[in-house]
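Working notes for the structure below.
Where a number appears in this text, it was derived from the coordinates with a stated rule and is not lab data. Given the structure is predicted, the values throughout are model-derived calculations rather than measurements. Positions of Cβ are backbone-derived with ideal geometry, glycine not excepted, and every protein chain shown enters the neighbour counts.
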Amino acid sequence: MDSTHIDYKSVSFLTSAPSIKQCPADTGREIAFAGRSNAGKSSAINTLTRTKGLARTSKTPGRTQLINFFELGADRRLVDLPGYGYAKVPIAMKREWDKHLAEYLQMRQSIAGLVLLMDIRHPLQEFDQQMLNWAAQAGLPVHILLTKADKLKRGPAQSALLMVERHLRDMDPGCTLLSAQTFSSLKNQGLPELESVLNHWFKGDLVDDEGELA
């Protein structure tokens with residue numbers, strides 16, 4: 001894994017797992033995507049891989065709870081984690097999903113970073129903060145995608161980004177583990193910046209809040 005260049009179009013579906021026990025062998029490097037059920041996670045993965053329908057959205061909560069693995073070759077994987085904050089499922093099921101998410105983030109050795117997606121109009125909700133806390137406990141780098149940036153004008157979008165970055169600096173004063181950017185799947189906005197972060201993570205580098213090597 002010497003090169004930072006990765007062809008994300010070469011992705012292929014690997015497997016789906018209901019819990020960490022059924023996940024593929026814990027080797028190589030993988031980058032996980034997480035976010036609320038309506039944050040645009042599937043759209044972002046499809047945009048990144050230029051593969052329409054790779055990560056499918058579903059209105060069926062039973063499908064939503066699976067951990068989906070996509071292979072990039074050379075022992076690299078993208079992981080689509082269950083959407084959290086789903087409103088129409090029983091509390092017991094929500095708790096079970098939360099347990100699997102926490103176990104994955106804290107126990108999976110091959111995870112190199114977490115891409116956390118938030119609707120730019122509603123960032124840093126309770127579940128988002130919970131994910132940040134789980135990642136912090138694991139010492140895991142997190143890159144926040146403020147999705148649906150096309151829904152806001154440039155000024156309000158930048159204000160939302162600055163607010164999130166201030167919050168991240170409070171959590172991680174050195175900004176070595178936490179970063180953020182605006183993103184729009186509809187407009188392909190922010191794709192090079194996202195790829196740069198992922199490339200460095202796959203190589204084993206940390207990035208700062210400007211997407212540069214730390």
In what sequence, highest mean first, do 126-139, 26-39 appear when ranked by Cβ atoms within 10 angstrom? 26-39, 126-139
Would you mind calculating the relative contact order of the chain from Cα pairs under 8 angstrom and at least 6 residues apart, reporting the percent as a whole number? 22
Percent of all alpha-carbon pairs of region 75-165 at distances over 22 Å, whole number, is 35
Too-long pairs where the Cα-Cα distance tops 23 Å, listed order kept, from Lys21/Lys148; Lys94/Lys151; Lys9/Lys94; Lys9/Lys41; Lys52/Lys148: Lys21/Lys148; Lys94/Lys151; Lys9/Lys94
Return the ratio Rg/(2.2 N^0.38 Å) for region 112-163, where Rg is computed over Cα atoms only. 1.20
Could you pull the Rg and Dmax for region 8-203, using just the Cα atoms, both in Å? 15.5, 45
